[in-house]
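Working notes for the structure below.
The values are calculated or read from the model by the stated rules, or taken from the named source; none is laboratory data. The shown structure was predicted, so the numbers you read here are calculated from the model rather than taken from an experiment. So basically every Cβ, Gly included, is an ideal-geometry build from the backbone, and we count neighbours across all protein chains shown.
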Amino acid sequence: MEQQNQPEGASELAQMRDMLREFVRERDWSRFHSPKNLAAALSVEASELLEPFTWLSTGDKTELDEARLQAIRHEMADVLAYLVMLADSLDVDLHRALIEKMVLNRSKYPAHKVKGDARKYTDYDD
């Protein structure tokens, strides 16, 4: 995840990674943090992110009281933590991975063709 000429935000990711490494090291939890287990935990936390939105019409910020906003922030932090730990365990540069994926997405979803349309790229006529 580290680079010589780090893009904006990369140093923050490295700080998060280092903070998480220290947290895990202090508790001797690394033996439990296989890529499979981290991916499973990430999936669970992503699902838990939905809970504060349950039964809301849209989930817009106007529908969220402070308790729900706090719950959402905490679940988002859990998702981010597990994602950063998974990337660390597999030596994935998240910044580069996002850039790579955006290149693919721009190819699959050219703006002139999909603007205002939420269908999957496989559902478009060529």
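Quick rundown of the values:
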item	result
Qualifying residue in the range 98-105 (condition: surrounded by 10 or more Cβ atoms within 10 Å (Cβ to Cβ), under 30 Å from residue 38 (Cβ atoms) and in the same structural domain as residue 35 (by TED's automatic domain parsing))	no
Residue check for residue 22: surrounded by fewer than 16 Cβ atoms within 10 Å (Cβ to Cβ), outside any loop (DSSP other than H, G, I, E, B) and of a type outside the set (S, T, N, Q)	yes
Scan of the range 45-91 for residues that are more than 27 Å from residue 12 (Cα to Cα) and either not in a helix (DSSP H, G or I) or not assigned by TED's automatic domain parsing to the domain that holds residue 22 (or both), ordered by number	54, 55, 56, 57, 58, 59, 60, 64, 65
Residue check, residue 79 more than 25 Å from residue 99 (Cβ to Cβ), touching a residue at least 24 places away in the same chain (Cβ under 8 Å) and surrounded by 15 or more Cβ atoms within 10 Å (Cβ to Cβ)	no
From 97, 67, 46, residue being among the small types (Gly, Ala, Ser) and in contact (Cβ under 8 Å) with a residue 12 or more places away in the chain	46
Qualifying residues in the range 1-26 (those that are among the charged types (D, E, K, R) and more than 22 Å from residue 76 (Cβ to Cβ)) - the one modelled with the lowest pLDDT	2
So residue 103, is it more than 30 Å from residue 125 (Cα to Cα) and among the β-branched types (Val, Ile, Thr)	no
